[in-house]
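For reference, the structure discussed in these notes is given below.
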Amino acid sequence: MKRALLLIPLVIFLVVAGFLYKGLFLDPRDIGTTMIGKPLPEFAMPSLEEPARTLSAADFKGAPALVNVWATWCPTCRAEHEMLNRLAQQGVVVYGINYKDNSEAARRWLNELGNPYRFNVEDPQGSLGFNLGVYGAPETFLIDKDGIIRHKFVGAIDERVWRQQLAPLYQELLEQ
């Protein structure tokens, strides 16, 4: 009996050590999402560029695309913006969701830094972002031609991220 009681702390230690060991190999940027394989949430929100125009999830259908959640208050969004401009110039379809931002500041940003987006959804309260499971900006979703979310990336897209992670998935969706 005493011997069994002595084994309990050892078993607890081994279980905790196993979880910690597994954690060493996890990507801290991969926060996951429950949206993979699901369509973009239904919404009806104004276009940032044309406030009288109402956009919906149906506007995102037709071709594989990146859906980039961004804001002018986000320094990391500024860091990735040049890369998004390059991708758009290469023919990659990029849509934007302007997240919890001031629309005038966002329009100035696009005029000054270039506009890589086919269009931008204005999401000042963050309700669309909330429905997508957005934690902050930037976050980018890869959708297929039917508007189904196939991948989520948290953080700035740079050349390495595009080449190693997103480009192969985007190309695969283009070939379907």
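The values are calculated or read from the model by the stated rules, or taken from the named source; none is laboratory data. A quick note: this is a predicted structure, and the numbers were derived from the prediction, not measured. Ideal geometry is used to build each Cβ from the backbone, glycine not excepted, and the neighbour counts take in all protein chains shown.
For the reader, a short list of remarks on this structure follows.
- Residue match in the range 141-151 (condition: farther than 17 Å from residue 38 by Cβ, in contact with a Phe, Trp or Tyr (Cβ under 8 Å, 6 or more places away or on another chain) and surrounded by 14 or more Cβ atoms within 10 Å (Cβ to Cβ)): no
- The set of residues from the range 154-176 being in contact (Cβ under 8 Å) with a residue 40 or more places away in the chain and either assigned to a helix (DSSP H, G or I) or hydroxyl-bearing (Ser, Thr, Tyr) (or both) comprises 159, 162, 166, 170, 173, 174.
- Those residues of the range 78-106 which are over 18 Å from the mean Cα position of the chain (by Cα) and among the aliphatic types (A, V, I, L, M), in sequence order: 105, 106
- Residue check, residue 133 surrounded by fewer than 20 Cβ atoms within 10 Å (Cβ to Cβ) and within 23 Å of residue 37 (Cα to Cα): yes
- Any hit, the range 82-103, residues being out of contact with any strand residue (DSSP E or B) (no Cβ under 6 Å at 6 or more places or on another chain), small (Gly, Ala, Ser) and at negative phi: no
- When residue 67 is tested against (1) more than 14 Å from residue 139 (Cβ to Cβ); (2) β-branched (Val, Ile, Thr); (3) modelled with pLDDT of 95 or more, just one condition goes unmet, and that condition is (1).
- Near pairs, Cβ below 7 angstrom, 6+ apart or cross-chain, from the range 86-97 (closer than 13 Å to residue 162 by Cβ) to any residue that is modelled with pLDDT of 95 or more and among the aromatic types (Phe, Trp, Tyr): 87/162; 92/170; 94/117
- The set of residues from the range 98-133 being in a strand (DSSP E or B) and touching a residue at least 40 places away in the same chain (Cβ under 8 Å) comprises 98, 120, 121, 122, 123.
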